[in-house]
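The values are calculated or read from the model by the stated rules, or taken from the named source; none is laboratory data. Because the structure is predicted, anything quoted here is derived from the model rather than measured. For neighbour counting, all protein chains shown are included, and Cβ atoms are generated from backbone atoms with ideal geometry for every residue, glycine included.
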Amino acid sequence: MMDSILMPGAKKALPFSGFLKLGPKRYRLKADSDGAGLKLQSRELDIKTGTIKLDWKGPATAKPKHVIFREGGEFTGAYFDLMSNEKGVEVPAGEYEFFYGIFRNGKGKQVQKFAIVPGKESKKIKVDPGATVTVTMGAPFTFAFKSTQDGSDVNVTGKSVEIFGSAGEHYVMLSDETRSPRSSGANPAPRPAPTSAR
């Protein structure tokens with residue numbers, strides 16, 4: 001979970017970030033606490049930017065509410081939610097990695113949810129000045145699971161099943177459901193691991 005910031009006139013909060021765009025201008029933010037409260041410092045920037053766009057290939061009913069990427073170089077501490085603009089999000093030119101995602105729908109006992117975290121196969125992306133980089137996430141999904149074999153029978157341990165997306169992202173904290181190809185709606189291919197989940 002992250003701190004967030006709500007821009008004037010916006011209906012959706014954004015991740016609190018060390019990079020912020022206000023109108024046509026861009027700023028570098030620095031937060032500091034001296035024990036008496038949070039202090040913010042801002043510095044106007046003159047930098048080259050690019051765009052990251054999300055292409056979600058999973059079921060429309062499971063499209064994440066937030067998909068957050070972060071910059072890992074000069075703008076460390078800058079976070080961007082790709083779901084804030086379907087046409088793409090402007091970011092400083094640099095190197096980015098997937099940080100966190102979440103889906104949530106419904107309320108109370110009827111809530112459906114899952115989180116998305118980087119997997120071991122998640123890769124960094126480079127955004128050059130003026131370029132648009134499209135990140136594909138979701139299908140095709142793959143499974144990893146623990147299993148045992150008894151003669152010709154193979155038994156899969158239901159709660160050991162893990163789901164991974166096409167960008168290497170790992171889907172976790174599903175709403176207490178046993179994972180299965182039928183429930184995912186995207187015909188994922190199995191990725192068996194007889195003694196371990198990976």
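Out of all the residues in the range 34-49, is one or more closer than 21 Å to residue 168 by Cβ, surrounded by fewer than 18 Cβ atoms within 10 Å (Cβ to Cβ) and not aromatic (Phe, Trp, Tyr)?
Checked against the condition, which is being closer than 21 Å to residue 168 by Cβ, surrounded by fewer than 18 Cβ atoms within 10 Å (Cβ to Cβ) and not aromatic (Phe, Trp, Tyr), the range 34-49 yields no hits at all.
For a quick check of your reading: which strands (runs of 3 or more DSSP E) sit entirely within the range 117-194 and have at least 3 residues that are modelled with pLDDT of 65 or more?
Correct list: 125-127, 132-137, 142-145, 147-150, 153-156, 162-164, 170-172.
Just one of (1) surrounded by 15 or more Cβ atoms within 10 Å (Cβ to Cβ); (2) under 25 Å from residue 60 (Cα atoms); (3) among the hydroxyl-bearing types (Ser, Thr, Tyr) trips up residue 147, so point out which.
So residue 147 meets the others, but not (2).
Provide a single number: the residues in the range 103-114 that are assigned to a strand (DSSP E or B) and either more than 21 Å from residue 84 (Cβ to Cβ) or in contact with a Gly (Cβ under 7 Å, 6 or more places away or on another chain) (or both).
Matching residues across the range 103-114 total 1.
Can you name every residue in the range 76-114 that is closer than 17 Å to residue 28 by Cβ, surrounded by 20 or more Cβ atoms within 10 Å (Cβ to Cβ) and of a type outside the set (Val, Ile, Thr)?
Selection gives 78, 79, 80, 92, 94, 96.
Within the range 3-15, work out how many residues are surrounded by 15 or more Cβ atoms within 10 Å (Cβ to Cβ) and hydrophobic (A, V, I, L, M, F, W, C).
Counting residues in the range 3-15 that are surrounded by 15 or more Cβ atoms within 10 Å (Cβ to Cβ) and hydrophobic (A, V, I, L, M, F, W, C) gives 2.
Does any residue of the range 53-69 turn out to be in a strand (DSSP E or B), of a type in the set (Asp, Glu) and in contact with a Pro (Cβ under 9 Å, 6 or more places away or on another chain)?
Within the range 53-69 (the criterion being in a strand (DSSP E or B), of a type in the set (Asp, Glu) and in contact with a Pro (Cβ under 9 Å, 6 or more places away or on another chain)), the answer is no, since none of the residues qualifies.
For the range 120-144, how many residues meet the condition of being under 17 Å from residue 58 (Cα atoms) and not small (Gly, Ala, Ser)?
8
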